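Following: one structure in structure tokens, then a few remarks.
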Amino acid sequence: MVFNADGTLLATHKSSDENEEAKIQIWDMQTHMLKTTIQAPMDYIARYFFIPNTPFLVIIGEKMVLFWNIHTNQLVLKYDIRCWSHAVNMVPDGSGIIVSGTVGSEADENEAQETNI
């Protein structure tokens, strides 16, 4: 689970089962009510985080990165990546994300990839 920068929203996720895609639920911490549910078009979610001062939640998994607008509950951008991600962070100036992960089936083949926003 992860909070947004001001602590007003909480995102939690549920892994997929055989019949459904993975889900992320956005909770309003002031009302303690469910604000929205995101049906992420993937089976596995590796990580997710809010981008400060924006309406975006970044969702990482299954060789893709999604930028989801939580106000409209719409997918805004999708980036295909070459690796299964292990770590994802924002570039300090907020202009991109860096994904580090394993390429192929060999666990010792590591790669870092930067994607500009």
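The values are calculated or read from the model by the stated rules, or taken from the named source; none is laboratory data. Source: prediction; values computed, not measured. For neighbour counting, all protein chains shown are included, and Cβ atoms are generated from backbone atoms with ideal geometry for every residue, glycine included. Surface accessibility is based on the protein's heavy atoms, side chains included, excluding ligands, DNA and RNA. Shrake-Rupley method; radii C 1.70, N 1.55, O 1.52, S 1.80 Å.
Restricting to region 84-106, name every residue that is assigned to a loop (DSSP other than H, G, I, E, B) and either at pLDDT 70 or above or touching a Lys or Arg at 6+ places or on another chain (Cβ under 7 Å) (or both). Those that are assigned to a loop (DSSP other than H, G, I, E, B) and either at pLDDT 70 or above or touching a Lys or Arg at 6+ places or on another chain (Cβ under 7 Å) (or both): V91, P92, D93, S95, V103.
Just a yes or no: is a residue in region 53-72 within 11 Å of the chain's Cα centre (by Cα) and open to solvent by 60 Å² or more (accessible area, probe 1.4 Å)? Checked region 53-72: no residue is within 11 Å of the chain's Cα centre (by Cα) and open to solvent by 60 Å² or more (accessible area, probe 1.4 Å). Give the residue that is surrounded by the fewest Cβ atoms within 10 Å (Cβ to Cβ), with candidates limited to residues of region 39-48 that are at pLDDT 85 or above and out of contact with any Leu (no Cβ under 7 Å at 6 or more places or on another chain). So the residue we want is Q39.
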